[in-house]
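Heads up: the structure comes next, in C-alpha cells.
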Amino acid sequence: MINKKLSIKTSQKGATIKKEIYGHFSEHLGRCIYNGIYVGEDSDIPNTKGMRNDVVDALKDMGIPVLRWPGGCFADEYHWMNGIGPKESRVKMINTNWGGVTEDNSFGTHEFMELCDQIGCEPYISGNVGSGTVREMSEWIEYMTSDNVSPMTDLRKKNGREKPWHLKYLGIGNENWGCGGFMTPEYYANQYRQFQQFCKNYGDNKLFKVACGPNGGDTAWTDKLMSMLNPMIASAISLHFYTVPTGRWEDKGPATGFDENLYNETIRETQKMEPIIMDHLAVMDRYDPEHKIGLAVDEWGCWYNVEEGTNPGFLYQQNTIRDAIVASINLNIFNRHADRIVMANIAQVVNVLQSVVLTEGSKMLKTPTYYVFRMYKPHQEAALAESVLEDTTADHNGISYTDVSASASVKDDSLFVTLSNANPNESYTINTDIDDAFGSYEARILTGAMGDFNTFDAPDRVFDKAYDGVKLSGKNAEIVLPPCSVVTVSFKK
Ligand code: AHR
C-alpha cells in the first residue's frame with residue numbers, strides 16, 4: 001500500500017466544467033449508425049422512429065450532452081442532400097473510407113436530429129470541406145436552422161419538418177491535414193475563412209464554429225491556423241489524439257488478451273494527452289491571450305487492432321478495464337483544463353473504437369468505458385475545484401507513468417472527486433485534505449483485472465458498485481484505490 005496526499009480547495013473555484021467535455025461521436029463507420037443506433041422502423045429490434053430503444057435508453061442514463069456526426073473521415077465525403085427526402089429515392093454512395101460498403105443514406109439529417117431529441121443532447125454537425133462546396137454547407141445550415149421563407153426551408157418543410165432545429169455546434173471540416181483533403185495549414189485556414197463566412201446565424205440560432213485543429217502534437221498546424229483566425233470567425237479549434245498502445249499504426253496491439261507490458265505502454269501513451277493539450281494551448285495563447293478561442297478534443301480514445309474475424313474497415317474493438325482507466329485519466333485531464341477545453345468527443349459511441357455501447361443483433365452491452373462516463377456525470381456543469389496530488393510517478397518494468405489521476409468539482413454544497421489508480425499491482429491510500437468539512441459521502445468503484453470485459457453472454461461482469469473503501473472525518477478522507485480501479489466520491493455537508 002502506498003500513501004499519498006491530495007489537497008482540495010473548495011474555496012478556489014475554477015472554471016465551469018462544460019458538460020460538452022463528456023461528449024460523444026457517431027460516424028457512418030462499420031456498425032456505429034446502422035445496426036448500432038439505427039435499425040429502421042420495420043426492425044424486430046424495439047425502436048422508436050428507427051432508433052434502438054435499448055441504446056437510446058443507455059445513452060440517456062449515461063448523460064450524453066453532445067453528439068458529433070456524420071464523421072470523421074466520412075464527413076468530408078458526405079453530401080447532405082443525399083440523406084433527405086423519401087428513403088426509397090435517396091442516393092446511394094460508397095463509403096470509401098470505411099470498408100467500401102454501400103451507404104444508402106437512410107440515416108440523414110432528420111434522423112440525426114431525431115436521435116439527438118430522443119437522447120436529449122446537443123447536435124454537433126461536422127461539415128464537408130474536403131469534397132464539398134461553400135454553397136452546400138451554407139445551404140445545409142439554412143435548411144436546418146432558418147425559419148424564413150427560402151428554397152431550403154421550403155425543402156425542409158416538404159420533408160416533414162416545419163420548424164427549424166436548434167444547432168449550436170458546427171465543425172468546418174475534419175482532419176483536413178489528412179483524410180479531409182491533405183491540405184496545408186495555410187490552405188485550410190483560407191478555406192475555413194471562406195466556408196465559415198457563409199454559415200449564417202438565422203434568427204436566434206447562434207453557431208459555435210469549430211475549425212479543424214491539429215493532429216496530436218502538431219503545433220506547427222496550430223501556429224499557422226491560429227495566425228489566420230480570430231474570435232469573430234472561430235469559437236474553437238479541434239484536436240484529435242488517439243491512444244495507440246504500441247505507438248505503431250501498423251500494429252497497434254489487441255483490445256483484449258494483452259499482457260502487462262502492453263497495458264503499461266497504453267497508460268504511458270494516453271498520458272501524453274496532457275502535454276499535447278498544454279503545448280497547443282501555449283501556441284494559442286500567443287494569438288489569443290484573452291482565451292476567446294477554445295480547444296475541442298473532438299476525437300479521442302483507444303485505437304487497437306480490429307477484432308479477429310471482423311471487417312478491417314469497420315474498426316470494431318472490445319473494451320476492457322484498461323479502457324476504463326484510460327477514460328478516467330483523460331476525463332480528469334479535461335476537467336483540470338476546464339478553462340480552455342470546451343468540448344471532447346470520445347470515438348465512437350457504438351460498435352467502433354472506444355465505444356460505450358456494443359451491439360450484436362438484438363443484444364446490447366455496456367462497456368467499462370460506459371460506466372466511467374456515468375460515474376463522472378456529476379462533474380458536468382460543476383465548478384472545478386483546485387486539487388493537488390502528491391507525485392505518484394512510478395516505474396513499471398522500464399515504463400514510467402503517473403499511477404494516480406484525480407480531479408474535483410463543486411456544485412451547490414457537494415464536492416465530487418474522481419480518481420483512478422492505473423497501477424496494476426499496488427494499492428494506494430489517498431489522504432485527502434479538504435479546506436472544508438463534510439458530514440457524509442457516497443462512493444462508487446469500478447475495478448477488476450486489467451483485461452476484464454463484458455460479453456454478450458456475460459454482459460454484467462464489469463460495472464460500478466457502491467464502495468466502502470473511504471473513511472471520512474470532517475476535513476479529511478482516506479480513500480483506498482485498489483490496483484486498476486476508478487473511484488468516485490461525492491461528499492455532502
Ligand atoms: O475514428 C476513426 C477516424 O479517425 C475518423 O473518421 C477520423 O477523423 C480519424 O482519423
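The values are calculated or read from the model by the stated rules, or taken from the named source; none is laboratory data. This is a predicted model, so every value here is computed, not measured. Every residue, glycine among them, receives a Cβ derived from its backbone with ideal geometry; neighbour counts consider all protein chains shown. Side chains included, ligands, DNA and RNA excluded: accessible areas come from the protein's heavy atoms. Shrake-Rupley method; radii C 1.70, N 1.55, O 1.52, S 1.80 Å.
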Filtered residue count, region 231-241, keeping only those that are farther than 16 Å from Gly173 by Cα, free of Cβ contacts under 8 Å to residues at least 60 places away in the same chain and away from the ligand (no atom under 16 Å from the Cβ): 1
Residue match in region 69-78 (condition: open to solvent by 30 Å² or more (accessible area, probe 1.4 Å) and within 16 Å of the ligand (Cβ to nearest atom)): yes
Check on Met62, touching a residue at least 60 places away in the same chain (Cβ under 8 Å) and crowded, with 19+ Cβ neighbours inside 10 Å: yes
Selection status of Ile267, more than 24 Å from Val357 (Cα to Cα), more than 16 Å from the ligand (Cβ to nearest atom) and buried (at least 24 other Cβ atoms within 10 Å of the Cβ): no
Near pairs, Cβ below 7 angstrom, 6+ apart or cross-chain, from region 81-105 (assigned by TED's automatic domain parsing to the domain that holds Met144) to any residue that is surrounded by 14 or more Cβ atoms within 10 Å (Cβ to Cβ) and of a type in the set (Lys, Arg): Asn82/Arg90; Gly83/Arg90; Asp104/Arg90; Asn105/Arg90
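Considering each residue of region 445-493, count those that are in a strand (DSSP E or B) and among the aromatic types (Phe, Trp, Tyr), and give that number. Show your work before the answer.
Applying the first criterion (in a strand (DSSP E or B)) to region 445-493 yields 445-447, 453, 465-466, 470-473, 476-481, 485-492.
Right, trim to among the aromatic types (Phe, Trp, Tyr) and you get 453, 491.
Summing the residues that are in a strand (DSSP E or B) and among the aromatic types (Phe, Trp, Tyr) in region 445-493 gives 2.
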Enumeration of residues in region 93-120 that are more than 16 Å from the ligand (Cβ to nearest atom) and hydroxyl-bearing (Ser, Thr, Tyr): Thr102, Ser106, Thr109
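Here is a yes/no grid of residues against (1) β-branched (Val, Ile, Thr); (2) touching a residue at least 24 places away in the same chain (Cβ under 8 Å); (3) surrounded by fewer than 16 Cβ atoms within 10 Å (Cβ to Cβ); (4) not assigned by TED's automatic domain parsing to the domain that holds Arg340:
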residue: Asp259; (1), (2), (3), (4): no, no, yes, no
residue: Gln271; (1), (2), (3), (4): no, yes, no, no
residue: Ile276; (1), (2), (3), (4): yes, yes, no, no
residue: Val306; (1), (2), (3), (4): yes, no, no, no
residue: Gln318; (1), (2), (3), (4): no, yes, no, no
residue: Ile321; (1), (2), (3), (4): yes, yes, no, no
residue: Ala324; (1), (2), (3), (4): no, yes, no, no
Filter result (in contact with a strand residue (DSSP E or B) (Cβ under 9 Å, 6 or more places away or on another chain) and of a type in the set (A, V, I, L, M)) within region 61-108: Met62, Ile64, Val66, Leu67, Ala75, Met93, Ile94, Val101
Evaluation of Ser440 against (1) open to solvent by 10 Å² or more (accessible area, probe 1.4 Å); (2) touching a helix residue (DSSP H, G or I) at 6+ places or on another chain (Cβ under 9 Å); (3) under 23 Å from Lys411 (Cα atoms) (one fails), failing number: (2)
Contacts under 8 angstrom Cβ, first residue in region 332-352 being more than 12 Å from Thr369 (Cβ to Cβ) and of a type in the set (S, T, N, Q), partner open to solvent by 10 Å² or more (accessible area, probe 1.4 Å) and assigned to a loop (DSSP other than H, G, I, E, B), 6 or more apart: Asn351/Gly30; Asn351/Arg31; Asn351/Asn35; Asn351/Tyr316
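Does Leu331 qualify as being buried (at least 24 other Cβ atoms within 10 Å of the Cβ), away from the ligand (no atom under 16 Å from the Cβ) and either modelled with pLDDT of 95 or more or within 19 Å of Ile267 (Cα to Cα) (or both)?
Numbers: buried (at least 24 other Cβ atoms within 10 Å of the Cβ): yes; away from the ligand (no atom under 16 Å from the Cβ): yes; either modelled with pLDDT of 95 or more or within 19 Å of Ile267 (Cα to Cα) (or both): yes.
So Leu331 fits the description; yes.
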Filter result for Asp251 (in a helix (DSSP H, G or I), more than 17 Å from the chain's Cα centre (by Cα) and more than 21 Å from Ser400 (Cβ to Cβ)): no
Those residues of region 82-106 which are open to solvent by less than 10 Å² (accessible area, probe 1.4 Å) and either on the phi > 0 side of the Ramachandran plot or under 21 Å from the mean Cα position of the chain (by Cα) (or both), in sequence order: Asn105
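Of all residues in region 357-402, which are assigned to a loop (DSSP other than H, G, I, E, B) and either open to solvent by less than 20 Å² (accessible area, probe 1.4 Å) or among the polar types (S, T, N, Q) (or both)? Steps first, please.
Within region 357-402, the first condition is being assigned to a loop (DSSP other than H, G, I, E, B), and the residues that meet it are 361-362, 367, 376, 380-382, 390-392, 397-398.
Ser362, Thr367, Tyr376, Gln380, Ala382, Thr392, Asn397 - these are the residues of region 357-402 that are assigned to a loop (DSSP other than H, G, I, E, B) and either open to solvent by less than 20 Å² (accessible area, probe 1.4 Å) or among the polar types (S, T, N, Q) (or both).
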Test result for Arg161, away from the ligand (no atom under 16 Å from the Cβ), open to solvent by 40 Å² or more (accessible area, probe 1.4 Å) and within 28 Å of the chain's Cα centre (by Cα): no
Residues being closer than 30 Å to Asp412 by Cβ and either touching a Ser or Thr at 6+ places or on another chain (Cβ under 9 Å) or within 16 Å of the ligand (Cβ to nearest atom) (or both) - total across region 17-57: 4
